Amino acid sequence: MLVQSENALAPSEISLLLSGMREQLNRVLLGKPDVVESLIACVLARGHVLFDDLPGLGKTTLAKALATVIGGKFTRIQCTPDLLPSDITGFSILNQKSREFEFRPGPVFGDVLLADEINRATPRTQSALFEAMAERQVTIDGEGKALCPTFLVLATQNPVESVGAYPLPEAQLDRFAMKLRIGYPDRASELALLERSSRSLENEVATEVLAPGKLLALQLQVAKIAVEAPVREYLVSLAEATRKNHAFTLGLSPRGLLQWQRVAQAKAMLVGRDFATPDDIQDVSVPVLSVRLAGLGGAIDKAIESVLNAVPVPM
């Protein structure tokens, strides 16, 4: 059970806010509670998400709904080969009247940035997101400009179409907290979707749940979720196992290990605990590891399962 500390949100308030986020996002994305739960965990862990999925499954709708739910500004980039880094970060332009340069902020100066089909942008443009994702700041004309402290990127890529696409480098993939796949909805959800489309959508859009400052307060609370020594040792053993497993071309980096722990802490908060367990680590292992571990032959999920089976779970 979550324990309240000085300057922390009360457990009852945390539960109320998280329930509200679940309700609103599940209203928008029908029949995918597991995806919604993973997305909320990622947001609480201050992570970025890569959606590796087919078009038309609700990724853009979900991103817009998330921005509304957290009370943030939604921005979007349609990644194309002619997209420039300044189209992402912004640029300075000369004001003819004042004869001074004025800064025009780019879409990174929002709260939720949707980078649609990120692998269609050139590597030079993709790299413009590096600093923003890792440091939550951008450097323009030699001057650092801070982004929103809760800034997050939801990027999409199409796993089928490869013509005109540039594979994301490992350094950029490692800056995402997790990879998610929405997949096709079940029959009942598709019937509900069709029924909903035939009437007014006013009651089907997401509404704001978090007041200003509440998301950051939740994220700070996640950092206080206890991770005891045996659980930390379990995490390190799992990381070491990925580096020794020949099914992976690359093992887990220390940055990835830190991200795994933070997402596990967020998972613990979502179930109402103030401490993380090995179950939390296992529950988030596939989305966290699949985005940053390159597997031979594409059987990444089975390779992750083999690592989990090979490392003893602390009692």
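We did not get these values from a lab; they are worked out from the coordinates using the rules stated. Predicted model only: the values in this text are computed from it and were never measured. Every residue, glycine as well, gets a Cβ built from its backbone with ideal geometry; the counts of neighbours run over all protein chains shown.
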- Whose amide H sits under 5 Å from the amide H of L83, counting only residues 5 or more places off or on another chain, with H placed in the peptide plane? T122
- For G90, which sequence-distant residues (separation of 5 or more, or a different chain) have an amide H within less than 5 Å of its own amide H, given hydrogens modelled in the peptide plane? G106
- How large is the charge dipole for the chain, taken about the Cα centre, if only the Cβ atoms of Lys, Arg (+1) and Asp, Glu (-1) carry charge, to the nearest 20 debye? 260
- Note on the structure: Of the residues A165, L191, S127, the Cα lying farthest along the dipole of the chain towards its positive end, which is defined by charges on the beta carbon of Lys, Arg, Asp and Glu, belongs to S127
- Message: Checking understanding here: applying a Kyte-Doolittle mean of at least -1.0 and a length along the axis of at least 20 Å (C-alpha), which whole DSSP H helices in the chain pass?
- Response: 11-28, 229-244, 254-270
- In square nanometres, what is the average projected area of the Cα convex hull of the stretch 186-315? 11.4
- Loop only per DSSP, at most 13 neighbouring Cβ atoms within 10 Å: give me the trypsin sites (Lys or Arg not before Pro) in the stretch 93-138, ordered by residue number. K97, R99
- Message: Treating only the Cβ of Lys, Arg, Asp and Glu as charged (+1, +1, -1, -1), what charge dipole size does the stretch 94-160 show about its Cα centre? Round to the nearest 20 debye.
- Response: 160
- Query: Roughly how compact is the stretch 140-200, stated as its Cα Rg over 2.2 N^0.38 Å to two decimals?
  - Reply: 1.78
- Message: Per DSSP helix of 4 or more residues, -39500 (n - 2.57); summed, then divided by the residues of the chain. What does that give at 222 nm, rounded to the nearest 500?
- Response: -13000 deg cm²/dmol
- Gyration tensor verdict on the stretch 26-121 (Cα atoms; rounded if a/c is under 1.5, prolate if a/b is larger than b/c, oblate otherwise): prolate
- Message: Tell me whether the stretch 1-160 comes out rounded, prolate or oblate; compute the Cα gyration tensor, take square roots of the eigenvalues as a ≥ b ≥ c, and use a/c under 1.5 as the rounded threshold.
- Response: oblate
- Query: When the Debye formula is applied to the Cα atoms of the stretch 67-141, each taken as the same point scatterer, what base-10 log of I(q)/I(0) results at q = 0.21, 0.25, 0.26 Å⁻¹?
  - Reply: -0.94, -1.16, -1.21
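Using the crude model of +1 on Lys and Arg Cβ and -1 on Asp and Glu Cβ, and no other charge, please compute the dipole size for the stretch 261-314 relative to its Cα centre, in debye to 20.
Roughly 160 debye for the stretch 261-314.
Go through 102-108, 140-146 and give me the packing order, highest mean Cβ count within 10 Å leading.
So the order, starting with the most tightly packed, is 102-108, 140-146.
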- Is the chain best put as rounded, prolate or oblate by its Cα gyration tensor, with a ≥ b ≥ c the root eigenvalues, rounded for a/c under 1.5, and otherwise prolate when a/b is larger than b/c, oblate when not? rounded
